[in-house]
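Scroll down for the structure; my scribbles are underneath it.
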Amino acid sequence: MARKVAEVFVDTLVQAGVTRVYGVVGDSLNGLTNTIRQNKAIEWLHVRNEEAGAFAAGAEAHVTGKLAVCAGSCGPGNMHLINGLYDCHRSRVPVLAIAAQVPSQEIGSGYFQETHPEHLFKDCSYYCEMVSQADQMPRVLGIAMRTAIAKRGVAVVVIPGDVLARECSAATLALGIHDSAPLIRPSDNELHQAADLLNGAQKVTILGGAGCEGAHGELVALAARLKAPIVHALRGKEFIEYDNPYDVGMTGLLGFSSGYHAMMNCDALLMLGTDFPYPQFYPKKAKILQVDLRGEQIGRRTPVDLGLIGNVKDTLDALTPLLQEKKDRSYLDICLDHYKQTRKGLDDLATGEPGRTPIHPQFVAKVVDELAADDAVFTCDVGTPTIWAARYLHMNGRRRLLGSFIHGSMANALPQAIGVQASHPGRQVISLSGDGGLAMLLGEVLTLRQLKAPVKIVVFNNSSLGFVELEMKAAGLVDYGTDLVNPNFAQLAESAGIFGVRVEKPEDLRSAVSRAFEHDGPALIEVIVNRQELSMPPSITAEQALGFSLYMVRAVFSGRGDEVIDLAKTNLIR
């Protein structure tokens, strides 16, 4: 018996293990949403903005490693997906996006809400095709899902609403694959070349990224043999930092001086599963080896002496036995001591002296870290929340950390938290939100209430786009256009039926966070933090120093000398 296209579509999703679809309903999606309504194996998760739905799907895919799905109705509905899908695609998580289209007979006529999704999604997907015939759908859907899984990225199926309602003679499709994790490593000859290079080096540093997921034991064993400090890129933090006696912190604009110096002073750098983007943080004289599953990424950030295509775990399994164990650990000890001092300096900044306001944001991150569950999942907005998360959250092999670390979009943290909570209902999920990021997709606070999702939102309220202000100061500019006139976010949450608490004094912070974390349901903790807090980069260039000096002069001559004084009080007098 023939079934509707929508029925075959939904059954195919269910058979592939999909249990929810994030989106906003619309008439061009009616066939799909009505079918989901009648199927007990899958649910529709109603968000307030399709962009949030895409972020949520990406977060689910990140923490589960499995295909997640979002959908948007025709025209504006699926266009709202684009920003979230860019983040999913650049973060390399498997996501299927369903983009509804106007009635098929109207395509090309300039019809109401007509767009051309095949072109719109081209740059944020590996696959994007339109279904125009009923029996075409299973094949296109299968290709899309396999592509998203195998390539770890976004695939888009465009389908007109009327096609969803047609009869389809095809059976429910079995994908034939669910996870794509083949054994991939370089050839024996390449491995011996790498071993010769590393064996001949005196001071080896390892830089690891997100590609080190699942290779923690192999990574530590490699460092032990090479007596090599391990630096991590931001996306590698959750996979590298914990139980690691060779860890010397992070490098990059948000990183530590210890990570920077371990990179710049080595004579051989081994890059593992990282596309760390900043050329100025790579050593200029060291030999560089790069291991990456995607060969096209090798050498695109800095010149390399040897590139190896392979999975990090599989490559290290084959490479480590070829390496001679180094006896001299003097360089490692220097790097570890530098990290110890750097870590102490960072921890000294995370203080909350009673009565001293506004609160240091570092102190907020430290308290959250101490009170969070051992298996908490953290999401963080771009800008200063990402800085504090990178520097003060401790990973332990069970905790997870998500953000828009490559695409760099505002407003990601709360939608990502929704996706994590939906797929892990018994787990503590904490969104570290900036006031600007939270306000941008503020409607998703209502989504929490509607879904009864017990996400805990920590809002760093400094009434500004704080990181943008830092960038302006470093460039010698007086900040402009960064002020935010905020509501009382805690009262706003309470008005929506969500537990809300506002913290203005450091002595009140710990009890407020504890009460919110213990609350059985969604909660929002608004903390008034210092706007003038500086986050120093690991290395300050002459241009940055000059730029900051120019900023201070210009601020004074603009009648804003009080801001310069406040800046000095905040960062020099602790």
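Would you mind telling me which numbered condition in (1) in the same structural domain as residue 15 (by the TED database); (2) at pLDDT below 95; (3) over 27 Å from the mean Cα position of the chain (by Cα); (4) more than 21 Å from residue 6 (Cβ to Cβ) residue 112 fails?
Status for residue 112: all satisfied but (2).
Let's see how each residue does on (1) touching an Asp or Glu at 6+ places or on another chain (Cβ under 6 Å); (2) farther than 20 Å from residue 233 by Cβ; (3) assigned by the TED database to the domain that holds residue 520; (4) not in a helix (DSSP H, G or I):
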| residue | (1), (2), (3), (4) |
| --- | --- |
| 370 | no, yes, yes, no |
| 401 | yes, no, yes, yes |
| 415 | yes, yes, yes, no |
| 458 | no, yes, yes, yes |
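So residue 122 clears everything in (1) farther than 30 Å from residue 236 by Cβ; (2) surrounded by fewer than 15 Cβ atoms within 10 Å (Cβ to Cβ); (3) without any contact (Cβ under 8 Å) to a residue 12 or more places away in the chain except one condition, right? Which one?
If we test residue 122 against (1) farther than 30 Å from residue 236 by Cβ; (2) surrounded by fewer than 15 Cβ atoms within 10 Å (Cβ to Cβ); (3) without any contact (Cβ under 8 Å) to a residue 12 or more places away in the chain, just (1) comes out false.
Across the range 33-79, which residue is farthest from residue 106 (Cα to Cα) among those that are surrounded by 24 or more Cβ atoms within 10 Å (Cβ to Cβ) and of a type in the set (D, E, K, R)?
60
How many of the residues in the range 491-522 are loosely packed, with under 15 Cβ neighbours inside 10 Å and part of a helix (DSSP H, G or I)?
Residues meeting the conditions: 7.
Are any residues in the range 464-490 loosely packed, with under 15 Cβ neighbours inside 10 Å and among the hydroxyl-bearing types (Ser, Thr, Tyr), and if so, which ones?
480
Suppose we filter 186, 160 for residues that are open to solvent by less than 30 Å² (accessible area, probe 1.4 Å) and within 31 Å of the chain's Cα centre (by Cα); which single one remains?
186 is the lone residue from the list that is open to solvent by less than 30 Å² (accessible area, probe 1.4 Å) and within 31 Å of the chain's Cα centre (by Cα).
Among the residues of the range 424-432, is there at least one that is crowded, with 23+ Cβ neighbours inside 10 Å, farther than 19 Å from residue 372 by Cα and either out of contact with any strand residue (DSSP E or B) (no Cβ under 7 Å at 6 or more places or on another chain) or not assigned by the TED database to the domain that holds residue 52 (or both)?
So far as the range 424-432 goes, no, none of its residues is crowded, with 23+ Cβ neighbours inside 10 Å, farther than 19 Å from residue 372 by Cα and either out of contact with any strand residue (DSSP E or B) (no Cβ under 7 Å at 6 or more places or on another chain) or not assigned by the TED database to the domain that holds residue 52 (or both).
For the structure I just gave you, tell me whether residue 387 is at pLDDT below 95 and closer than 28 Å to residue 86 by Cβ.
Yes.
Taking helices (runs of 4 or more DSSP H) that do not extend beyond the range 158-235, which have at least 2 residues that are touching a residue at least 40 places away in the same chain (Cβ under 8 Å) and under 20 Å from residue 258 (Cβ atoms)?
Those helices (runs of 4 or more DSSP H) span 216-226.
Given the conditions (1) open to solvent by less than 30 Å² (accessible area, probe 1.4 Å); (2) under 26 Å from residue 183 (Cβ atoms); (3) not polar (S, T, N, Q), and given that residue 252 satisfies all but one, which numbered condition is not satisfied?
Only one criterion in (1) open to solvent by less than 30 Å² (accessible area, probe 1.4 Å); (2) under 26 Å from residue 183 (Cβ atoms); (3) not polar (S, T, N, Q) is unmet by residue 252, namely (2).
The values are calculated or read from the model by the stated rules, or taken from the named source; none is laboratory data. Only a predicted model underlies this, so the values are computations on that prediction, with no experimental measurement involved. Reconstructed Cβ throughout: ideal geometry from the backbone, glycine too, with neighbour counts over all protein chains shown. In case anyone asks, the SASA skips ligands and DNA or RNA and just uses the protein heavy atoms, side chains included. Shrake-Rupley method; radii C 1.70, N 1.55, O 1.52, S 1.80 Å.
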